[in-house]
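Colleague: Let me give you the structure first, and then I'll get to my questions.
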Amino acid sequence: MNARITQATLLDESNPHHGKQVDIRIEKGIITEIASTLEAKKGEELINFENLTVSPGWFDSSVSIGEPGYEERETIKNGLLVAAKSGFTGIALNPNSYPVPDTSSSIAFLQNKAANNAVELFPIGALTQKSEGVDLAELYDMQQAGAIAFGDYQHAIKNPNLLKIALQYTQGFNGLVLSFPQEDDLIIKGMANEGETAIKLGLKGMPALAEHLQIARDLYILEYTGGKLHIPTISTAQSVALIKEAKVKGLDVTCSVAITNLFFTDTVLEDFDTRYKVTPPLRNEEDRKALVAGIKDGTIDMVTSDHNPLDIEQKKLEFDHAKFGTIAQEATLGALLTLVSEKKAVQLLTAGRKRFTETTSKIEMGQPANLSLFTTKGTSTFTKEMILSKSKNAAFLGAKLKGKVYGIIANNQFTAS
C-alpha cells in the first residue's frame, strides 16, 4: 500500500516527533518519510481523521477465538478482523479451542489460517497435554513451529513440580511460561468474588486468597528455578503487592490485568447478568483501585481484553450454569482512556509485544508500518451496534467510553474501523 497520513499526533517515545503533529508517508508498507508537512504524491491513499493520533501497533496478550472446534463462537478470519477494527495489530491466541493446540502441527495450522492478514496471530501453546495438567506438552517443538509462550488457559498449574520442571526446561530455549493465578481447591463451584455482593445474592464465593496463594507459590518456584514467568489477568490488591515485591527481587516476572477488572466491580452482578460472569471474578472497589494504581506505577505490565467469545447457549442461562467469559476487544481502548492518559494507554497496549515476541514496533523511516490509529477525543456509550464479534456476550454494553479507534496499518494493509 502507498498512503500518506496527515495531521496526526504521533505517540512513540522512541521517536523525536513524539507528541507532535506530523504527516507520515508509507510506500509499499514501509515508512519512508515523517515530517510536519508532506506534499502529496500521485497514486497514494490519503488517510486523514479528526483529532487523529498514531502509535506503534497494539498487542493483545490474551485472546480466545474458538476455531478450530468452536467456530460458532468465532472464526479466525472474523476474530482477526475484530482485533484490527479494535486497534490491535497483533494478538496472542489462547489455547482455548478443540483440540487444544499442544503439538507443533496444531501451532502450524493456526499460523497458516492467519497468514497474510493485517493482524499477526501469535499462538500460545498449551503447557500440558490437552491442558489436563498432567504431562508437559511438546514445548520446544511448538516453539520451533511458532508458539510464543506456553500456558493452560484459565487452568491453574496444580502440581508445583510441573511448574518447576517447565521453568527449568524452557530456559534452554528462552521460553515464556504462563501460570493462571487460581488455587482451584479454594473456589470449588465458586461463581463470584467472595464478599458482600456474593453473600447478598446467595452465590458461592471465589476468595481472593485463591489467587494470592497461587501467585505466592509460583513466585517462590520462579525464585528457585529462574526462567521467565507471566501471570495473566490478576485481580486483587494483594496480587499487585506480591508481584511488586518479586520485581524488586529481580525475578523475571510480568503480569497483565483484564480491562473488565479495571473497569467494573462485583456490584454489577446484582441483576444476575451473566455478561459479568468472568474469571478471575470482578472484585471490590478496593481491589479495582489497586489495579488502577498498579498499571499507573508499572507493577502491572500490560492491559488485555481477555476477549472470550461465547455463543448464546452458554451465556443465556441461569447464573450458576452460564460459562465464564466476555468479549471486550471492541471496548478496550475506550474503557482504558477513562482511567489513564493516552500516553499510558499506549504503553499498556504495546508492552505485550516485547514480552511475548521479543520484538518492538517503532515508528521510524525504513521500518514496516505497524500502526494503530485512534482519537482520544469524544465520549460514547457502548451499544450492540458496536459489537463486531460473532458472539455478543459483551460486559461493556451500556458503559460510557472515551475516544475511538479509526483502524490499523499493518502487513502492508489498511483496515478501517
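The values are calculated or read from the model by the stated rules, or taken from the named source; none is laboratory data. For clarity, every value in this text was computed on a predicted model and none was experimentally measured. Please note: Cβ atoms are built from the backbone with ideal geometry, for glycine as well, and neighbour counts cover all protein chains shown. The accessibility values were calculated without ligands, DNA or RNA, using every heavy atom of the protein model including side chains. Shrake-Rupley method; radii C 1.70, N 1.55, O 1.52, S 1.80 Å.
Colleague: Looking at Asp252, Asp152, Asp218, can you tell me which residue is within 28 Å of Leu336 (Cβ to Cβ) and touching a residue at least 60 places away in the same chain (Cβ under 8 Å)?
Modeller: Result: Asp218 is the single residue among Asp252, Asp152, Asp218 that is within 28 Å of Leu336 (Cβ to Cβ) and touching a residue at least 60 places away in the same chain (Cβ under 8 Å).
Colleague: For Phe382, only one of the following conditions fails: (1) touching a helix residue (DSSP H, G or I) at 6+ places or on another chain (Cβ under 9 Å); (2) of a type in the set (A, V, I, L, M, F, W, C); (3) open to solvent by 30 Å² or more (accessible area, probe 1.4 Å). What is its number?
Modeller: With (1) touching a helix residue (DSSP H, G or I) at 6+ places or on another chain (Cβ under 9 Å); (2) of a type in the set (A, V, I, L, M, F, W, C); (3) open to solvent by 30 Å² or more (accessible area, probe 1.4 Å) applied to Phe382, the lone miss is (3).
Colleague: In a helix (DSSP H, G or I), of a type outside the set (Val, Ile, Thr), out of contact with any Cys (no Cβ under 9 Å at 6 or more places or on another chain) and at pLDDT 95 or above: does that describe Gln238?
Modeller: In short, yes.
Colleague: Can you name the residue in the range 140-162 that is in a helix (DSSP H, G or I) and within 22 Å of Ser106 (Cβ to Cβ) and is also least open to solvent (accessible area, probe 1.4 Å) among such residues?
Modeller: The residue in question is Met142.
Colleague: Here's a check for you: in the range 385-417, which residue that is farther than 23 Å from Leu121 by Cα and out of contact with any helix residue (DSSP H, G or I) (no Cβ under 9 Å at 6 or more places or on another chain) is least open to solvent (accessible area, probe 1.4 Å)?
Modeller: So the residue we want is Gly398.
Colleague: Considering each residue of the range 1-54, count those that are in a strand (DSSP E or B), open to solvent by 50 Å² or more (accessible area, probe 1.4 Å) and not polar (S, T, N, Q), and give that number.
Modeller: Summing the residues that are in a strand (DSSP E or B), open to solvent by 50 Å² or more (accessible area, probe 1.4 Å) and not polar (S, T, N, Q) in the range 1-54 gives 5.
Colleague: Only one residue in Ile188, Ile199, Ile165 is part of a loop (DSSP other than H, G, I, E, B) and open to solvent by 60 Å² or more (accessible area, probe 1.4 Å). Which one?
Modeller: Exactly one of Ile188, Ile199, Ile165 is part of a loop (DSSP other than H, G, I, E, B) and open to solvent by 60 Å² or more (accessible area, probe 1.4 Å), namely Ile188.
Colleague: Any chance the range 122-134 includes a residue that's open to solvent by 50 Å² or more (accessible area, probe 1.4 Å) and touching an Asp or Glu at 6+ places or on another chain (Cβ under 7 Å)?
Modeller: Scanning the range 122-134 turns up at least one residue that is open to solvent by 50 Å² or more (accessible area, probe 1.4 Å) and touching an Asp or Glu at 6+ places or on another chain (Cβ under 7 Å).
Colleague: May I pose another question? With (1) touching a Phe, Trp or Tyr at 6+ places or on another chain (Cβ under 8 Å); (2) free of Cβ contacts under 8 Å to residues at least 12 places away in the same chain; (3) not basic (Lys, Arg) as the list, and Gly298 as the residue in question, which single condition is left unmet?
Modeller: Answer for Gly298: the failing condition is (1).
Colleague: So, one more: Suppose we filter Ile199, Ile234 for residues that are in contact (Cβ under 8 Å) with a residue 60 or more places away in the chain and of a type in the set (A, V, I, L, M); which single one remains?
Modeller: Ile234
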